[in-house]
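Enquirer: Pasting a structure here, questions to come.
The values are calculated or read from the model by the stated rules, or taken from the named source; none is laboratory data. Being a predicted model, the structure only gives us computed values, none of them experimental. Cβ placement follows ideal geometry from the backbone for every residue including glycine, while neighbour counts extend to all protein chains displayed. Note: accessible area is taken over every heavy atom of the protein model, side chains too, but ligands, DNA and RNA are not part of it. Shrake-Rupley method; radii C 1.70, N 1.55, O 1.52, S 1.80 Å.
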Amino acid sequence: MNLNSPIITTYPIIAPYEKTTHAWRRLLQHLVQNGRRVSARGLTFNEMLNVSLTVDMVWPMVTSDIRNASLKYYFGEAWWILSGKGDLESILPYNKNMARYADNGQFFGAYGPPFQEQIDRVADELIRDPNSRRAVLTLWRPNPPMDTKDFPCTISIQWVVRGGHLHCFDSMRSSDAWLGWPYDIFTFSCASAYLSLLIKMKTGFFYPLGNITLNAISQHLYSTDIEKAIAVLKAEKEGTDRSYRVSLDPSRFENTSEFLTRLKELADQFGTSMEGLRDPCVPTLTI
């Protein structure tokens, strides 16, 4: 394919993949093979427009050895957002690089404050009408300042109950397949677990988790990460890129406070790699 072609062609991935790591690898493959070369803000990337990818929230984590994402940040970011935080100080222990995105110690686009401001209404809407299409939470800020370092990537999150399960739909203006997609899938799966527990606290009724669908207007892979993505795909083909099983089961918790405490404990327990999942005596980590 000619990556410099003026014709904008989208290659949507619309398929429910049971295991998140497998879905992520397919996403990388599509971007490497079919992405159109684009430059924005001085950065070059392969891009596909209007990409939709669905995975099972019971298995919410990309666990590639080669990607070697930070377990500390997986759990720490989820705890930070769901707790309603938006300050730099409380996220730094889990990712010191976050300082580059802060404006005077705060994040303009932090998801935590609007999440906590709106999640009760979302729960009440689904309690009022389990078939509602109005359980929407907005994370985009109207008229964001042009000089902020932290434009929200996520526009909105919507939840629906169908078939007795709680499903999540995450709409994003921009999604980085290498750096951001794994953490976003995990964080918004945890947000869904939080919502399920909130409904349980209000009614005594529990909705098990269903699927999460991430819809990205711009799904992209930066040029600096293309060789890394190719290495992941090569290792997958050769059977040398190990993945691990991390499951999410909110039914284990009585309330949202217990769930947040568990996320914080895991964030403080693990390091900035996949190392903690390599113990053969622990085949599956359950959150």
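Enquirer: Could you sort out which of K72/K234; K96/K264; K149/K264; K96/K149; K85/K149; K96/K228 sit more than 19 Å apart by Cα distance in this structure?
Expert: Check vs 19 Å cut-off fails for K72/K234; K149/K264; K96/K228.
Enquirer: Tell me the GluC sites (Glu not before Pro) within region 40-125 that lie in a loop according to DSSP and have at most 16 other beta-carbon atoms within 10 Å. Before the final figure, lay out the partial values.
Expert: Working: sites: E47, E77, E89, E117, E125; in loops: E89.
Listed in order of number, the matching sites are E89.
Enquirer: Please list, in chain and number order, the residues 5+ apart from R67 or on another chain whose amide H is under 5 Å from its amide H, with Hs placed from the backbone.
Expert: none
Enquirer: Now for a separate question. What are the extents of the Cα atoms of region 140-287 along their three principal axes, in Å, largest first?
Expert: Sorted largest first, the three principal extents are 51, 50, 33 Å.
Enquirer: Now a separate question. At 1.567 mPa s and 4 °C, plugging the Kirkwood radius over alpha-carbon pairs of the chain into Stokes-Einstein gives what diffusion coefficient in µm²/s?
Expert: Working: Rh = 19.5 Å.
Estimated diffusion coefficient is 66 µm²/s.
Enquirer: Also, I was wondering about something else. Using amide H atoms built 1.01 Å from N in the peptide plane, name the residues 5+ places from N211, or on other chains, whose amide H lies under 5 Å from its own.
Expert: It is M57, C168, by chain and number.
Enquirer: While we're looking at this one, here's another question. If I model region 39-99 as equal point scatterers sitting on the Cα atoms and use the Debye formula, what is log10 I(q)/I(0) at q = 0.22 Å⁻¹?
Expert: Ignoring solvent entirely, the Cα scatterers give -1.05.
Enquirer: Which order do peptides 165-172, 133-140 fall in by mean Cβ count within 10 Å, highest first?
Expert: 165-172, 133-140
Enquirer: When the convex hull of the Cα atoms of region 226-287 is projected onto a plane and the area is averaged over all directions, what value comes out in nm²?
Expert: 5.8 nm²
Enquirer: Pick out, from Q33, I287, A229, the residue whose Cα sits farthest towards the positive end of the charge dipole of the chain, with +1 on the Cβ of Lys and Arg and -1 on the Cβ of Asp and Glu.
Expert: Q33
Enquirer: Another one. Of all accessible surface on the chain at a 1.4 Å probe, what whole percent is carbon and sulfur?
Expert: Details: 6730 of 13090 Å².
Here it works out to 51 percent.
Enquirer: What Kirkwood hydrodynamic radius, in Å, does region 60-216 give when the mean of 1/r is taken over all pairs of distinct Cα atoms and then inverted?
Expert: 16.2 Å
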